[in-house]
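A.B. asks: Got a structure here, written out as structure tokens. Questions coming.
Since every read-out is calculated from the coordinates, none of them should be taken as a lab result. This one's a predicted model, so the numbers in the text were calculated from it and none came from an experiment. So basically every Cβ, Gly included, is an ideal-geometry build from the backbone, and we count neighbours across all protein chains shown.
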Amino acid sequence: MSDTTTSAGENSAEIPAFPMSKNTAACPFDPAPDLYTQRQEGPLTRVRLWDGSTPWLVTGYNDQRSVLADPRVSANLNTPGFPSTSPPVAAAKTSLFRMDDPEHARLRRMITAPFAIKRVNAMRPAVQKIVDDQIDAMLAGPKPVDLVEAFALPVPSVVISELLGVPYDAHEFFQDNSQIMASRNSTPEQKSGAVRTLIEYLHGLISDKVSNPGDDLLSGLAEPIKTGELTQQEAAGLGILLLAAGHETTANMIALGTLALLQHPDQLALLRESEDPKVVTSAVEELLRYLNIAHDGRLRAATEDFEVAGQIIHAGEGLIMPNEIGNRDPEIFDDPDRLDITRDARRHVAFGFGVHQCLGQSLARVELQIVYSTLYKRIPTLKLATELDQIPFKDDGIIYGVYKLPVTW
Ligand code: HEM
């Protein structure tokens, strides 16, 4: 067991900066090269953030899970030592994934039911129709086409808008504002502005649902608002989180997953030619493991002293668990840098781990299973309409993916 404390600034020139950039030219699907280097240095190393602080970086799969499941760590950005990867945005403080229990559990409970596996499975025919309609529209239009705009974004946007009870014609407004919120290149003022704009809009929408409820998730929050269990401010915060998560995550998995499959034609052929739903399920889990679109690491701060991988972590120290490197742990996944849709990848940490594990994972799985089992069968000649090095990657935000994916058939 060791107890080395490195205060902020000490030898800071030798401590690598975090977040770390990928080498998109070499392999846009692999974690940043510095993450592999840090893994070689040891299970826990220090990284340097924009504010000069030097939290721990945890690279191993088991160590990441053990920290994320530990009640002695906090996800609240106001906890001393919390590792913010960019200047905090005042207006976004109330986000569910930046809260601790019991506050977190109270709010999460309010929105759990619509994401239960049974409820989400019942949405399959509706999601299939949305996917088919979007493919019909794409096939009827000109080519080449940007798959992000024509397919990857609209599918989850329509799904989440219907689930929440938000008019679909507001989707561009949501996409623009959630992209500003997710980009590291946005200034704190821009981020606060985007959050304020969305909160204002959701306040109006929720007030309408309280007086005139429908059969949707936001209307379901009307009752707890009336009984005083939930404030309108909290309901708006939940709505923003779900809309942003609904737009920014699955869309990037659809576009980046398609690019990964086009770059691995043997894997794409396996998926396209199989009629076995288990092959699709397995492909979705493997693409989640391999691609890891949730970037910036799972961020936590220790509230008490504890030990991980023989290292004492002191209360007030930050911890960063990037799932992209955890999911490439050779002790857990054989030949982890290889995309193999036949492997059993279900243990991956692409949805995080512990109490904050992704609430929308069943919905994301259903959407991805339907997309991956439909798109390449309906357009078997789908191919890139540009060179790989011309594709703009989103290496500047908390969600990884592509800005554009020009395709033809
Ligand atoms: C492929 C798509 C998705 C991926 C890879 C993903 C990934 C993640 C990850 C890694 C976390 C954990 C954050 C942390 O521990 O710091 C998370 C949390 C969360 N996700 Fe997802 N997500 C996806 C889709 C969705 C969808 C479609 C929704 C809902 C519409 C959603 C809603 C949420 C919510 C509400 C949380 C916070 C849960 C909590 O703090 O208790 N996600 N997601």
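A.B. asks: Show the residues, 5+ positions off or on another chain, whose built amide H is closer than 5 Å to the amide H of Val402.
C.D. replies: Those lying under 5 Å, H to H, from Val402 are Leu256, Lys394.
A.B. asks: For Ala126 and Glu41, calculate 0.36 nm times their separation in residues minus their Cα-Cα distance, and state this gained length in nm to one decimal. Let's see the in-between values first.
C.D. replies: On the way: separation 85, 0.36 × 85 = 30.60 nm, distance 4.88 nm.
Additional length available on full extension: 25.7 nm.
A.B. asks: Residue by residue, what Karplus-based ³J(HN,Hα) values in Hz, rounded to whole numbers, does segment 394-409 have, using 6.51, -1.76 and 1.60 with θ = phi - 60° and x for Gly and Pro?
C.D. replies: Per residue, the Karplus-derived 3J(HN,Hα) values read 8, 9, 10, x, 7, 10, 8, x, 10, 6, 9, 9, x, 10, 9, 7 Hz.
A.B. asks: About the Cα centre, and with charges only on the beta carbon of Lys, Arg (+1) and Asp, Glu (-1), how big is the dipole of the chain? Nearest 20 debye, please.
C.D. replies: With Lys and Arg at +1 and Asp and Glu at -1, about 660 debye.
A.B. asks: Relative contact order for the chain: what is it in percent, counting Cα pairs under 8 Å that are at least 6 residues apart?
C.D. replies: Numbers: 643 pairs, mean separation 104.4, N = 409.
The value is 26 percent.
A.B. asks: To the nearest 0.05, what FRET efficiency results for Thr187 and Lys377 with a Förster distance of 60 Å applied to their C-beta separation?
C.D. replies: Efficiency at R0 = 60 Å is approximately 0.85.
A.B. asks: Compute the Cα gyration tensor for segment 113-230, then decide on rounded, prolate or oblate, letting a ≥ b ≥ c be the square roots of its eigenvalues: rounded whenever a/c is under 1.5, prolate when a/b is larger than b/c in the other cases, and oblate in all that remain.
C.D. replies: oblate
A.B. asks: Same structure, new question: Any idea how far apart Arg72 and Thr197 come out in nm if each label point goes 7 Å out from Cα toward Cβ?
C.D. replies: 4.4
A.B. asks: Can you give me the long-range amide H partners of Trp50? Hydrogens built in the peptide plane at 1.01 Å from N, cutoff under 5 Å, separation of 5 or more residues or another chain.
C.D. replies: none
A.B. asks: Kindly list the residues of segment 214-246 that lie in the label zone of Arg106, defined by a backbone N under 20 Å from the point 7 Å along the Cα-to-C-beta vector.
C.D. replies: It comes to 220-242, nothing else.
A.B. asks: Going by how many other Cβ atoms sit within 10 Å of their own, how do Glu248, Glu189 line up, fewest first?
C.D. replies: The order, fewest Cβ neighbours first, is Glu189, Glu248.
A.B. asks: I would also like to ask the following. How high is the FRET efficiency from Glu273 to Lys404, r the C-beta distance, R0 25 Å, rounded to 0.05?
C.D. replies: Once the sixth-power term is evaluated, E becomes 0.30.
A.B. asks: Something else: Spelling out what I want: for every residue of segment 106-122, take phi, set θ = phi - 60°, compute 6.51 cos²θ - 1.76 cosθ + 1.60 (Karplus), and round to whole Hz; glycine and proline get x.
C.D. replies: For segment 106-122, the Karplus-derived couplings read 4, 6, 4, 4, 5, 10, 6, 3, x, 9, 5, 3, 4, 5, 6, 4, 5 Hz, x marking Gly and Pro.
A.B. asks: What list of ³J(HN,Hα) values in whole Hz, one per residue of segment 78-86 in order, does the Karplus curve 6.51 cos²θ - 1.76 cosθ + 1.60 (θ = phi - 60°) give from phi, with Gly and Pro shown as x?
C.D. replies: 8, 5, x, x, 4, x, 6, 8, 8
A.B. asks: Sorting check: for 289-296, 73-80, 122-129, which peptide has the highest mean count of neighbouring beta carbons within 10 Å, and how do the rest follow? Can you show the working numbers first?
C.D. replies: Details: 289-296: 23.9, 73-80: 18.1, 122-129: 14.2.
Highest to lowest by the protection proxy: 289-296, 73-80, 122-129.
A.B. asks: Can you sort Phe393, Phe115, Phe173, Phe82 from fewest to most other Cβ atoms within 10 Å of each residue's own Cβ?
C.D. replies: Fewest-to-most ranking of Phe393, Phe115, Phe173, Phe82: Phe173, Phe393, Phe115, Phe82.
A.B. asks: How big is the charge dipole of segment 155-246 about its Cα centre, in debye rounded to the nearest 20, if each Lys and Arg gets +1 on its Cβ and each Asp and Glu gets -1 on its Cβ?
C.D. replies: 300
A.B. asks: If R₀ is 56 angstrom, what is the calculated FRET efficiency for the pair Lys143 and Glu229, using the beta carbon separation as r and rounding to 0.05?
C.D. replies: So, using R0 = 56 Å, E works out to roughly 0.65.
A.B. asks: Sticking with this one: Using a 7 Å offset from the Cα along the Cα-to-Cβ direction at both Glu307 and Trp50, what is the distance between the two label points in nm, to one decimal?
C.D. replies: It works out to 3.7 nm between the two label points.
A.B. asks: Rounded, prolate or oblate: which fits the chain when a ≥ b ≥ c are the square roots of the eigenvalues of the alpha-carbon gyration tensor, with rounded for a/c under 1.5 and prolate only if a/b beats b/c? The partial results should precede the final answer.
C.D. replies: On the way: a/c = 1.69, a/b = 1.14, b/c = 1.49.
It comes out oblate by the Cα gyration axes.
A.B. asks: Name the shape class, rounded, prolate or oblate, that the alpha-carbon gyration tensor gives for segment 13-159, where a ≥ b ≥ c are the square roots of its eigenvalues, rounded holds for a/c under 1.5, and otherwise prolate holds if a/b is larger than b/c and oblate otherwise.
C.D. replies: Cα axes put segment 13-159 in the oblate bin.
A.B. asks: What is the distance in Å between the Cα centres of segment 28-72 and segment 312-391?
C.D. replies: Centre-to-centre (Cα) distance: 17 Å.
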